[in-house]
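Each value in this text was obtained by applying a stated rule to the coordinates, not by laboratory testing. Here the structure is a predicted model, which is why all the values come from computation and not from measurement. Cβ placement follows ideal geometry from the backbone for every residue including glycine, while neighbour counts extend to all protein chains displayed.
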Amino acid sequence: MRLINDLDTILKGFVRSYSQIFFSSNQYFAILLLIITFIDPSIGIAGLVSALVAVLTSYLIKLDRETIAMGMYGFNALLVGFGLGFYYDVSITLLLLAAIAGFFTLLVNITFQGILGKYYLPYLSLPFVLSIWLVLSATWQLTSTDINQSSVYLLNRIFEVGGFKFIAIHDWWLKHVSSNFVNGYFISLGSIFFQFNVLAGVLVAIALLVYSRIAFSLSVIGYSVAYFAYLVFGLDLTNLGYSYIGFNFILSAIAIGGYFYIPSKSSYFWTIAVTPIIALVATGLVVIFKTLGIPILSLPFNIVVLMFIYSMRFRLSVSGLREVVVQEGKPELNLYSYQSFAKRFPNYGWIRIRLPFYGVWTVNQGHHGNYTHKGEWAHAWDFIVLDSDGKQFKGDGHLQTDYYCYGKNVIAPADGEVVEVEDGIDDNPIGEINISKNWGNTVIIKHTVELYSKVSHLRKGSITVKVGDKLKFGTKIGEVGNSGRSAYPHLHFQIQSNEYIGSKTLKYPLSSYIVNNSELKTFDYPAVNQHVSNIEPNSLLKALMNLKPGQVINWEVEQQNIIEKINWEVGITYLNKLFIKCTKTNSKAYFELDDVYFYFTHFEGNKKSLLYKFYLAAYRIPLTYFEGIEASDSIPVNKTFSGLILYLHDFIAPFVQILHTDYNVKVIRIGSDFDIKGFKFITTIKGNYFNKTHWEEKFEMKMNASRHVEFIHQQNKTKAKCEI
């Protein structure tokens, strides 16, 4: 088994070296590119040897297996091999040179990875540029190598690839396509693989189009802008196609427009803006390196893209152009994952601050209130407790103790450290206020840099914490009183950016709460007259969805009267990401669990698998329960749509999204409040385009207290059951 895994890592690393030239780890795309490189066998063989040696060496010296399998240690060596195969014909000497060059390039690769990695920058193809310069400078001294003259016998090469049909296509092209722009674009694409002919470029363009519509459109845009820049500057247009310059603009456009940054209007704008700079840099470098007799290769692309990425790290705001955080390896995947993530978790990374109490309270005054929440102190809340008749006190309300909230516990709304405590201020008689000690008895908690919470008007002597105490959410910090500018008992709560009493408020949402015992809110702002309470996870729901690493789930699946056994395993990555893996299909569904939801974050693998159906059905499951509770979400369109409609949508996706997939789940309790037997989940998935439903799928899932699960996919009559 280990030998098979080792061979799988090496094979994937070798094959993906080809697609990594276009920042891709797609194996099918890589195979197409590998085949294209053999239009010139000398180039194909030399590249193959260099890449294989680099990948094997990276495995033997125990480099990271995942990085090896991605092709990251092979693609620079592959390019060096291409260069050798371009200059020299196939021979034992060439194969030996390619092998040595592959090993050397790997060492350069690792060095650049270490140096630039300190600044979180990619090494791109810098190892290729430096290695090919040194290798070619050395080989030019050799006398045992023959010059590759394949370009002289281009028709022979074309015939070997496609016979008389390709020859006929080649002749037709020469007669009917005379545009320097068109021919230059295809030759630039081919030159990435040291194939300076239109045939190679056309095949690469087709492969690129099949692989990624966004990458293809960016390649056209990058080359087009460069072509226009050369016209405006009066530069030599032949350099775009018939030297090593043209592909710099194509690779730069894909890098900035769709790989390192989320494809968007902004990324396309900066692609266009940066391209003329590359043109100037390329032109200047040609003049400098011409005296040395060294080609500039992809140096302009490397210089400008690295400078651009590094410069963007100094921005004070990341709106517009957004750097890819989790690299999916394909522009469309980067885009769709980001769009889904932005919709699902608009406040991702925010500190989870919750309500400073337990039980149901009422917002008596919210943001921009009618009484005191004005100006710089507008973003605050006042909370009271009401009875079933809507009154906040019993009797005539003349005494502090008549008020239902008086003396109620106040808790830390999030983890933090106490930085300010004011106590000893007497509670006011009902109807009177203390304007000299406006905030009354107060506690301020620091949650992170420039984020503090403050509770005020606490009861004298009730504060149970002191400055320096480390608190967890839910820790009691005092009791509601009537101190300070408070005519009747209530709790004042606000978020602020520093630790001082009297600081202006900060508009900051509460992470989760329930409104009117009928609606679950996340990262929102309680409004006046809303009855709000903290979310308390249902112990059974949380226990049922609390899947742990090492857990094995055995399913019995019935479809069309055929019963099949399917096993799942729960695992965890080195980055502490939890996932479920189907042992039959090797599909994986990544998930997370907090106090509010169980939710899936990513799926990869077979969309016909049971795991995929479960991924859809349990995409977001609330872990609390009240009658009528529902949860809605948005699923990435590339996870639910396919075929021509998604293919065409990819072209416009960076600018407008006409496809979207809506998720809704209803949770129904089985049993009573006092005898909960389990829960039933009814899930509806709707695929929409132009805001009209194109397809709909329904799932039903039951989980009982004994951890027995029944799962039904209504559309294809799939039934499954297991114990979790």
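Among 430-438, 194-202, how do they line up from the highest to the lowest mean number of other beta-carbon atoms within 10 Å? Don't skip to the answer; put the middle values down first.
Working: 430-438: 13.4, 194-202: 23.1.
Packing proxy ranking, top to bottom: 194-202, 430-438.
If you take the square roots of the eigenvalues of the alpha-carbon gyration tensor of region 361-533 and sort them as a ≥ b ≥ c, do you get rounded (a/c under 1.5), prolate (a/b over b/c) or oblate? Write down the numbers at each step before the final one.
Values: a/c = 1.44, a/b = 1.11, b/c = 1.30.
Since a/c stays below 1.5, the shape of region 361-533 is classed as rounded.
Quick one, can you get me the convex hull of the C-alpha atoms of region 254-347 expressed as volume per residue in Å³?
Values: hull volume 9.5 nm³, N = 94.
Looking at region 254-347, the number lands at 101 Å³ per residue.
Distance check, please: which entries in Lys686/Lys721; Lys607/Lys686; Lys607/Lys698; Lys118/Lys330; Lys666/Lys698; Lys470/Lys521 exceed 19 angstrom between their Cα atoms?
Details: Lys686/Lys721 25 Å; Lys607/Lys686 16 Å; Lys607/Lys698 16 Å; Lys118/Lys330 25 Å; Lys666/Lys698 11 Å; Lys470/Lys521 28 Å.
Pairs exceeding 19 Å: Lys686/Lys721; Lys118/Lys330; Lys470/Lys521.
What is the Cα centroid distance between region 51-81 and region 309-387, reported in whole angstrom?
So the separation of the two Cα centres works out to 42 Å.
Compute, for the chain, the length of the dipole vector about the Cα centre, with Cβ point charges of +1 (Lys, Arg) and -1 (Asp, Glu) only. Units Debye, rounded to 20.
Values: 61 positive and 54 negative charges, 132 e Å.
Here the size comes out at about 640 debye.
For the chain, what ratio Rg/Rh do Cα atoms give with a Kirkwood hydrodynamic radius? All intermediate terms of the calculation are to be shown ahead of the outcome.
On the way: Rg = 32.3 Å, Rh = 30.0 Å.
Rounded to two decimals, Rg/Rh equals 1.08.
Return the calculated 222 nm mean residue ellipticity for the chain, to the nearest 500 deg cm²/dmol, obtained by summing -39500 (n - 2.57) across DSSP H runs with n ≥ 4 and dividing by the residue count. Write down the numbers at each step before the final one.
Working: 19 runs with 269 residues, N = 724.
After summing the helix terms and dividing by residue count, I get -12000 deg cm²/dmol.
Read phi for every residue in region 634-639 and hand back ³J(HN,Hα) as whole Hz from Karplus 6.51 cos²θ - 1.76 cosθ + 1.60, θ = phi - 60°, with x for Gly and Pro.
With coefficients 6.51, -1.76 and 1.60, one gets 10, 9, x, 5, 6, 8 Hz.
Over the residues of region 539-723, compute the C-alpha Rg and express it relative to 2.2 N^0.38 Å.
Values: Rg = 16.9 Å, N = 185, 2.2 N^0.38 = 16.0 Å.
For region 539-723, the normalised Cα radius of gyration comes out at 1.05.
Which order do peptides 525-538, 639-652 fall in by mean Cβ count within 10 Å, highest first? Intermediate results must be reported in sequence, preceding the final value.
Details: 525-538: 17.3, 639-652: 15.2.
In descending order of packing, they fall as 525-538, 639-652.
Identify, among Ile206, Tyr599, Tyr647, the residue whose Cα sits farthest towards the positive end of the charge dipole of the chain, taking +1 on the Cβ of Lys and Arg and -1 on the Cβ of Asp and Glu, with the dipole about the Cα centre.
Farthest towards the positive end: Ile206.
With a sphere of radius 9 Å drawn around the Cβ of Ile425, what net charge do the other residues whose Cβ falls strictly inside it have (Lys, Arg +1; Asp, Glu -1)?
It works out to a net charge of -2.
Can you work out ³J(HN,Hα) from phi for every residue in region 364-370, in order, using Karplus 6.51 cos²θ - 1.76 cosθ + 1.60 and θ = phi - 60°, giving whole Hz and x for Gly and Pro?
7, 8, x, 5, 6, x, 7
Phe29: net charge of surrounding residues, Cβ under 11 Å, Lys/Arg +1, Asp/Glu -1, itself excluded? List each step's numbers first, then the result.
Working: positive: Arg16, Lys330; negative: none.
Its environment carries a net charge of +2.
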